[in-house]
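One structure is given here, and the rest of the page talks about it.
Each value in this text was obtained by applying a stated rule to the coordinates, not by laboratory testing. Fair warning: this is a prediction, and the values are worked out from it, not measured in the lab. Glycine also receives a Cβ, built like all others from the backbone with ideal geometry; neighbour counts cover every protein chain displayed.
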Amino acid sequence: MVGEEEEEPSYVYSGLGTTPAKIVKSSVSPFQKVSTLTLESGENDVDDLIRVGDYLYASLHTDPGKIVKIALSTFTKVATLTLATGEGYGLSLAADASYLYVGADWGTTGKIVKIALSTFTKVATLTLATDERVPNSQIIVGNYLYVGVSDGAIAHVVKIDLSTFTKLGRLTLPSGEYYITSLAASGDYLYAGLDEPATGKIVKIDLTTFTRVGSITLPSGDGRVYSLEIIGDNLYVGMITNRVTKIDLTTFTRVGHVSTPQSTSTHGLKGTTGFLYQLWWSSPSGLAKINIATFTVEASFYFAAGESYGQGLGTAFI
């Protein structure tokens, strides 16, 4: 998919929930902060980040929503696109080669805003049903966009045909499985991470039949699910604790966890074949580098004072 890394990246970008918003650039070797980009007044609280080609896109938790385009070569802001009234709070981002998709929620219904990357202009908005709110997660698989939405104690996965930009249907999860925080896909399966009241759960969905085929309830010590990342045959789960939990996808079983130095939750998890990078929801925020082969924390550091509440993580190989 667009934005994913095939090789180990040179830099990791961390979006922060500050006023105004900040994005921290860190090198992976040596593992340290390089610089910070502070956005303008009124450009607050990064919700998500995605890299497409030579640019990084940040969605902001503002009303109306704002999308900021950043040149990776200079680490400077190129432009800001303000969405329409009623398209507030850019909760999630997905992208293909031509378009950026923003999951927005103004409080009454979810919307998917389609933006042309070539011109950085909005081309369409798809309004979802009134019980399809809080589009916290999106993922593109083939010609389809899957969106995790929730409404109170009910969660749905919405399927959208990208060729026509129309909704094809939805899968409603059973009672008690609600608030989808993240989606990941591998082969013919989609995995939804759930923020349950007391503990987390991973739901497995068969994409060929678009049906729920299984789930894993995680132990209470793991906490609730915030982010997912698939590398090889393993699913890594960023928890709303200091844990990153590992799921073997060949058996769909939990095989262990690693605890990272911070004491709050994982609000970003990104990786390649060698390492995982975990972003912290803390004040100040920070990063941990997890060796995948040994499943141990290799290094970690905090950002500067005032660089707090990490949310959204992007990588770039430059």
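Legend: ranking of residues Leu72, Leu190 from fewest to most surrounding C-beta atoms inside 10 Å; resulting order Leu72, Leu190.
Using the Cβ-Cβ distance between Glu40 and Asp131 with R0 set to 41 Å, the FRET efficiency works out to roughly 0.70.
Longer than 24 Å from Cα to Cα, which of Lys25/Lys270; Lys77/Lys246; Lys69/Lys111; Lys33/Lys270; Lys114/Lys246 are they? Say none if no pair is. Correct reply: Lys77/Lys246; Lys114/Lys246.
Dividing the mean sequence gap of close Cα pairs (under 8 Å, 6+ apart) by how many residues region 1-150 holds gives a relative contact order of 14 percent. Region 31-98 and region 156-176 have Cα centres spaced 26 Å apart.
For the chain, excluding the exposed loop sites themselves (GluC sites (Glu not before Pro), DSSP loop, at most 14 other Cβ atoms within 10 Å), the longest remaining stretch covers 41-318.
Summarise the long-distance tail of P(r) for region 146-189 by giving the % of C-alpha pairs beyond 17 Å.
When every Cα pair of region 146-189 is considered, 38 percent fall beyond 17 Å.
Placing pseudo-labels 7 Å out from each Cα toward the beta carbon at Glu196 and Thr296 gives an inter-label distance of 3.2 nm. Derived from the Cα gyration tensor, the three semi-axes of the equivalent ellipsoid of region 202-281 are 22, 14, 11 Å, largest first.
Restricting the calculation to Cα atoms, region 11-316 yields a radius of gyration followed by a Dmax of 18.0, 49 Å.
Normalised by the number of residues in the chain, the mean separation of alpha-carbon contacts (under 8 Å, six or more apart) gives a relative contact order of 14 percent. The peptide list 21-27, 51-57, 215-221, put in order of mean Cβ contacts within 10 Å with the highest first, becomes 21-27, 51-57, 215-221. Taking only the C-alpha atoms of region 81-180, Rg followed by Dmax gives 12.8, 43 Å.
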